[in-house]
Amino acid sequence: MSASPLVEQLKSGLDAPICLTWELTYACNLECIHCLSSSGRRDPRELSTEQAKAVLDELAALQVFYINIGGGEPMVRRDFFDIIEYSVSKGIGVKFSTNGAYIDTEKAKRLTDMDYLDIQISLDGADAATNDVVRGAGSYDTARRAMDNLASAGFGPFKISVVVTRQNVSQLDAFKALADSYGAQLRITRLRPAGRGADTWHQLHPTNAQQRDIYNWLSAHGENVLTGDSFFHLNALGPALPGLNMCGAGRVVCLIDPIGDVYACPFVIHDEFKAGNVLDAGGFTRVWRESDLFIDLREPQSAGACASCGAYDECQGGCMAAKFFTGLPLDGPDPECVGGDADALLASVPVSLVPRPSQDHSKPARVPSIVAGH
Amino acid sequence: MRRLLSTALEVHPQVALRPEPFGALAYHYDNRRLVFLRSRDMLNVVESLSTYSTLEDALVASDIEPQRWQSFESAIDSLISSEIVRVR
C-alpha cells in the first residue's frame, strides 16, 4: 500500500507544526541512562520567563493547538506554572512529561484545577528493580507517589509513559494493568540512541524477536495504547499500526530546546539537525518556514539502499535519529530494521565515525561508566 | 449514513480550525482529537455552517456543485462522530 495523498502532503510540510516539543530546561533531579537530551545541569543560557512567553505568543499566532513540554525535569523551573498557565490562557494546550518528583499533594491539586492540561509520568519498569536501573534509585517510588497524588486529587486520566527496552518488553501487560488501575492511559515509545541513550542503546534496545512481540502487542491493543507514532518501523511486520506512518521531523514535528535552539525532532539534538534559534530575527516562525534544514527535510527523501526492499512503503526506512546516532547512512535501513538489513552495517561502523551528541548537560561526577566500555 | 442536508449544524465550540495547504487541521480541545479537513472547500463549508440554517445552504453558499454534496454530507457525518461538528 502506498502512502495516502494526505500523508504525501504532510511530508511537504505545514504552515506550523502539529506536534511541537519544548524542553524547558536541561536541569533534572534524575540522571536516566537513556536521557535523550543528556540532561542534568541547567544551561545558563536557558530562556527567561519573558522570552518563553514571547515564544508562546508566537505559537498562539501560528495556531499551534498544543505543546509537549519536557526537559530535563520541567517542574524544576520556578516559573513552571507561570509558563504553562500562560500557555493555556493563550489557547495552547499543554502536555508535559515529568518524573513526578515535584507532584506533591498541593501541586497535584493545582494541576487538577487547570484545563487543557495532560500529564505524562515517565516509568521504565513495572517494578522498582527494572525501573531504577534505568532511571535511578528511588525513581519508581517517586513516580508512583506522583500517580497516587494525581489520583487522589481527581486529576483524571493522566498518562504513564514508558520507553520500551530489552528489560521491560515482557512487562507490557503489567504496565497496562498499572495504567488501568489508575484509570490512566498507557503510552509506550521507542528507545532512541540519542543523548545518553547513544551510550546505552546497545544494551537497552529490544532484540529483533522482542520487536515482533511489541508489534503483536500493539496490534492487539490498537488505539487504546498511545505510541506517539514512534513504532512505524515495525509496520514491515504486517498490517500498519495506528498512526501516520511517516517521519515527521521538520515536517509536522520539531523541538525547541531550553536555550531556544530549534531541532528537527526531539531525538536529534545535534548541530546537524539544528535549524535555528527562536531568538533569531523572524523568530520561530521563520525557522519553521524558511530554514534550509527544514525545507530540505520536506523534499522527497531517497530510499537509498532500501529502494529494492518490498517493505519500504510500510516502514519508510525507519527513524532518521536512530540511523544518525548509530552511524548509519540516513538513506539506508533503520538500525532496528525488522528484516535484519542493518545488522551487518551496524557491526561494521567504526566507533570513531559514530556521531557524538553536540551538547551534554550531564552532571559531571556521574558520566556513565558504560561510555568507557565502548 | 445520516441525511444531513436539511440539518442545522455548527462547529463545536471547543474546536479550533487551522488552515493548511491541504485543507485544514481541526483540533478539539476537550477530547484532544486532531482531525484533517482534506480540502479548502471543506474548510469553507465547515467554517460557514453556523451562519446558514442548513448544510445544504452552506454548500450552496460555498459554490459546491450538487454532484459533490453526497461526499460532503458523508465527510460532515464523520466530523459529527469525532465531535468536530455538532447539530445545533
Per the filter on the range A:1-49, residues in contact with a Cys (Cβ under 8 Å, 6 or more places away or on another chain) and either outside any loop (DSSP other than H, G, I, E, B) or closer than 22 Å to A:ALA240 by Cα (or both) are A:LEU20, A:THR21, A:GLY40
Here are some residues: B:VAL60, B:VAL46. Which one is β-branched (Val, Ile, Thr) and under 16 Å from B:ILE80 (Cβ atoms)? B:VAL46
Residue hits (the range A:302-323; open to solvent by 20 Å² or more (accessible area, probe 1.4 Å) and either under 22 Å from the mean Cα position of the chain (by Cα) or basic (Lys, Arg) (or both)) are A:GLU314, A:CYS315, A:GLN316, A:MET320
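Among the candidates A:SER97, A:SER152, A:SER122, A:SER181, which residue alone is free of Cβ contacts under 8 Å to residues at least 12 places away in the same chain and open to solvent by 10 Å² or more (accessible area, probe 1.4 Å)? Show your work before the answer.
Numbers: A:SER97 fails: free of Cβ contacts under 8 Å to residues at least 12 places away in the same chain; A:SER152 fails: free of Cβ contacts under 8 Å to residues at least 12 places away in the same chain; A:SER122 fails: free of Cβ contacts under 8 Å to residues at least 12 places away in the same chain.
The unique qualifying residue is A:SER181.
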Evaluate the following for B:ARG88: is it buried (at least 18 other Cβ atoms within 10 Å of the Cβ) and either touching a Pro at 6+ places or on another chain (Cβ under 7 Å) or among the basic types (Lys, Arg) (or both)? no
Six or more apart or on different chains, Cβ atoms under 6 Å: show the pairs whose first residue is in the range A:301-322 and touching a residue at least 60 places away in the same chain (Cβ under 8 Å) and whose second is in a loop (DSSP other than H, G, I, E, B) and open to solvent by 70 Å² or more (accessible area, probe 1.4 Å). A:ASP313/A:SER2; A:MET320/A:LEU330
Given the conditions (1) under 30 Å from A:SER170 (Cβ atoms); (2) touching a strand residue (DSSP E or B) at 6+ places or on another chain (Cβ under 9 Å); (3) without any contact (Cβ under 8 Å) to a residue 24 or more places away in the chain, report the number of the one that A:THR227 does not fulfil. (3)
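Matching residues to (1) farther than 26 Å from A:ASP229 by Cβ; (2) touching a Leu at 6+ places or on another chain (Cβ under 8 Å); (3) away from chain A (no Cβ under 11 Å); (4) without any contact (Cβ under 8 Å) to a residue 24 or more places away in the chain:
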site: B:ARG32; (1), (2), (3), (4): no, no, no, yes
site: B:PHE36; (1), (2), (3), (4): no, yes, no, yes
site: B:GLU65; (1), (2), (3), (4): yes, no, yes, yes
site: B:GLU73; (1), (2), (3), (4): yes, yes, yes, no
site: B:SER81; (1), (2), (3), (4): no, no, yes, yes
site: B:ARG86; (1), (2), (3), (4): yes, yes, yes, no
Selection count, the range A:50-94, where residues are assigned to a helix (DSSP H, G or I) and within 14 Å of chain B (Cβ to nearest Cβ): 6
Within the range A:110-127, does at least one residue satisfy the condition of being among the polar types (S, T, N, Q) and more than 14 Å from chain B (Cβ to nearest Cβ)? yes
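The values are calculated or read from the model by the stated rules, or taken from the named source; none is laboratory data. What you are looking at is a predicted structure, and each value in this text was computed from that prediction instead of being measured. Reconstructed Cβ throughout: ideal geometry from the backbone, glycine too, with neighbour counts over all protein chains shown. We work out accessible area using only protein heavy atoms, side chains counted, and drop any ligands, DNA or RNA first. Shrake-Rupley method; radii C 1.70, N 1.55, O 1.52, S 1.80 Å.
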